[in-house]
1. Conditions: (1) free of Cβ contacts under 8 Å to residues at least 40 places away in the same chain; (2) assigned to a loop (DSSP other than H, G, I, E, B); (3) surrounded by 20 or more Cβ atoms within 10 Å (Cβ to Cβ). Gly25 meets all but one. Number of the miss?
2. Can you find even one residue in the range 228-236 that is buried (at least 16 other Cβ atoms within 10 Å of the Cβ) and either at pLDDT below 95 or farther than 23 Å from Ser127 by Cβ (or both)?
3. Return a yes/no flag: does the range 50-57 have any residue that is polar (S, T, N, Q), out of contact with any Gly (no Cβ under 8 Å at 6 or more places or on another chain) and under 23 Å from Val176 (Cα atoms).
4. Can you name the number of the only condition in (1) surrounded by 19 or more Cβ atoms within 10 Å (Cβ to Cβ); (2) not in a strand (DSSP E or B); (3) not basic (Lys, Arg) that Val173 fails?
5. When you check Thr156 against the structure, is it of a type in the set (Val, Ile, Thr) and touching a Ser or Thr at 6+ places or on another chain (Cβ under 9 Å), yes or no?
6. I need a count of the residues in the range 137-168 that are of a type in the set (Ser, Thr, Tyr) and touching a Phe, Trp or Tyr at 6+ places or on another chain (Cβ under 8 Å).
7. Which residues, counting only those in the range 52-84, are surrounded by 12 or more Cβ atoms within 10 Å (Cβ to Cβ) and without any contact (Cβ under 8 Å) to a residue 40 or more places away in the chain?
8. Considering only residues that are within 14 Å of the ligand (Cβ to nearest atom) and of a type in the set (Asp, Glu), which ones fall in the range 1-35?
Amino acid sequence: MKRLLILGATSDIARACAHRFAADGFSLVLAARKPDELDRDVKDLQIRYDIEVKTVPFDVLDMEQHRAFFQSLNPLPDGVLCAIGTMNGNEDAMSDPQKLKVILDTNLTGPAAILTLAAEAFRKRGSGFIIGISSVAGNRGRGTNYPYGSAKAGFTAFLSGLRNRLNKSGVQVITVLPGFVRTRMTENMDLPEKLTAEPDKVAADIFKGWKKGKSVIYTKGIWRLIMLIIQHIPEFIFKRMKL
Ligand SMILES: NC(=O)c1ccc[n+]([C@@H]2O[C@H](COP(=O)([O-])OP(=O)(O)OC[C@H]3O[C@@H](n4cnc5c(N)ncnc54)[C@H](OP(=O)(O)O)[C@@H]3O)[C@@H](O)[C@H]2O)c1
């Protein structure tokens, strides 16, 4: 039986991914800060797909517990998907180093730390897959959200390096780069309709990309072009732009 560990399982994107992988026959281990919030999801997934689903508590900021958490997973999952992230306090983090640290640790240090343990276990076994949800916000730092953006830039680079190191080890590492997605994270934002994806679309793109053995997945696909343009704007123009 195939088994997927989902970190940040209360995320709207993670919930959509849970359904997509469950429909393919995966059993699920749903890890979240507040696993009780997943009780209804568990029943729904079990009834719809006739799979095993269990929940486990996991706080990515509690890095001292990562090893014990990962070792407690028995059996070792076939794959792990990390959907953990936060933009909370992004603006305060521009003037408060403690808040900046929380953003960097939640979006970069914590996910990188737990995925390092998964990568090492998968490398030793010679099989597995790691799906990290980063963001196009990491492709270029912007004045309006650079605490979050810089953490995502680091996470994107981490996943790229991991993929490079694990090439030919039997472990697939996938970087997911969503643009705007309609979730709890963006509920107070005025999002452009045509550039905004629903969580189900993101999950479908991730699943398709995983099946095809892709390394980097932009979702919606148009964001690949948008980011290509944004990355090529000369710095002397970019610094004056309010993006
Ligand atoms: N929505 C977008 O437009 C967008 C765009 C690009 C990338 N992304 C990325 O997509 C991923 C999923 O986000 P989403 O849009 O689905 O938003 P979301 O629903 O707010 O999901 C964020 C998830 O991160 C979890 N989390 C936060 N801090 C944590 C911690 N210390 N330990 C463990 N879990 C923690 C949250 O858990 P709680 O339920 O306990 O808070 C929640 O499950 C994130 O990495 C996000 O950065 C989103």
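1. (3)
2. First pass over the range 228-236, keeping only residues buried (at least 16 other Cβ atoms within 10 Å of the Cβ): 230.
Going one step further and asking which of them are either at pLDDT below 95 or farther than 23 Å from Ser127 by Cβ (or both), we end up with 230.
Within the range 228-236, one or more residues are buried (at least 16 other Cβ atoms within 10 Å of the Cβ) and either at pLDDT below 95 or farther than 23 Å from Ser127 by Cβ (or both).
3. Narrowing the range 50-57 to residues polar (S, T, N, Q): 55.
With out of contact with any Gly (no Cβ under 8 Å at 6 or more places or on another chain) added as a condition, the list becomes 55.
From what's left, under 23 Å from Val176 (Cα atoms): none.
Among the residues of the range 50-57, not one is polar (S, T, N, Q), out of contact with any Gly (no Cβ under 8 Å at 6 or more places or on another chain) and under 23 Å from Val176 (Cα atoms), which makes the answer no.
4. Among (1) surrounded by 19 or more Cβ atoms within 10 Å (Cβ to Cβ); (2) not in a strand (DSSP E or B); (3) not basic (Lys, Arg), the lone unmet condition for Val173 is (2).
5. Working: of a type in the set (Val, Ile, Thr): yes; touching a Ser or Thr at 6+ places or on another chain (Cβ under 9 Å): yes.
In short, yes.
6. First pass over the range 137-168, keeping only residues of a type in the set (Ser, Thr, Tyr): 144, 146, 148, 150, 156, 160.
If we keep only those that are touching a Phe, Trp or Tyr at 6+ places or on another chain (Cβ under 8 Å) as well, we get none.
Adding up the residues that qualify gives 0.
7. Looking only at the range 52-84, we keep the residues that are surrounded by 12 or more Cβ atoms within 10 Å (Cβ to Cβ), and these are 52-63, 65-67, 69-70, 73, 76-84.
Matches in the range 52-84: Val53, Lys54, Val56, Pro57, Asp59, Asp62, Gln65.
8. Asp12
The values are calculated or read from the model by the stated rules, or taken from the named source; none is laboratory data. Computed from a predicted model, the values in this text were never measured in an experiment. Cβ coordinates were reconstructed from backbone atoms using ideal geometry, including for glycine residues, and neighbour counts include every protein chain displayed.
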